[in-house]
Amino acid sequence: MKTSLVKMIGLYSFLYALFTLGVLAYASLLSFRSGFSFPAVGEQMMQWEPHWWWLSIIGVLLHGLAYLKAMRRPQLMIAHLICVWAFVAYPLIPNYSLFIAVVQLVAVWLLISYHRPMQESEMEGQR
């Protein structure tokens with residue numbers, strides 16, 4: 001797989017989703033002390049999110065720029081829009097982080113699995 005700007009931005013999204021899943025797992029472990037409940041995990045996520053909201057701004061900017069670069073490639077445009085949505089949703093509704101992270105990982109898979117169609121000049125070079 002060749003390294004490209006789109007894939008590096010996808011790597012940022014992938015690492016952020018993994019970070020979110022790790023934080024969610026830690027919040028779940030902390031809520032076991034007082035008896036596990038989903039509202040307790042959501043409350044913990046709401047308390048922690050103000051500490052790293054700025055990472056979401058970086059993600060929105062990266063995927064916004066990549067969206068502009070991906071014009072005329074529908075799969076990439078949709079994937080970047082989903083990632084922008086995810087980075088906006090993380091600080092606004094952190095108690096839904098599990099759902100957001102899963103959707104973001106699907107979008108990252110769309111980014112990574114995209115294969116650019118060959119140009120006519122590249123096809124002539126293969127003949």
Restricted to segment 63-77 and to residues being surrounded by 15 or more Cβ atoms within 10 Å (Cβ to Cβ) and closer than 16 Å to L105 by Cα, the residue modelled with the highest pLDDT is H63
All conditions in (1) out of contact with any helix residue (DSSP H, G or I) (no Cβ under 7 Å at 6 or more places or on another chain); (2) charged (D, E, K, R); (3) surrounded by 15 or more Cβ atoms within 10 Å (Cβ to Cβ) are true of E49 except (1)
Of the residues in segment 52-75, those that are farther than 22 Å from G22 by Cα and assigned to a loop (DSSP other than H, G, I, E, B) come to A70, M71, R72, R73
Inside segment 1-36, the number of residues satisfying the requirement of being surrounded by 11 or more Cβ atoms within 10 Å (Cβ to Cβ) and part of a loop (DSSP other than H, G, I, E, B) is 2
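Yes/no per residue for (1) within 21 Å of H115 (Cα to Cα); (2) touching a Pro at 6+ places or on another chain (Cβ under 9 Å):
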site	(1), (2)
T20	no, yes
L61	no, no
M77	yes, no
P94	no, no
Expected output for segment 17-30 (first residue within 19 Å of V108 (Cβ to Cβ), partner assigned to a helix (DSSP H, G or I) and not hydrophobic (A, V, I, L, M, F, W, C), Cβ below 6 Å, 6+ apart or cross-chain) is A17/Q104; T20/S97; L24/S97
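The values are calculated or read from the model by the stated rules, or taken from the named source; none is laboratory data. Since this is a predicted model, take the numbers as computed values, not measurements. With ideal geometry, Cβ positions are generated from the backbone for all residues, glycine too; neighbour counts draw on all protein chains shown.
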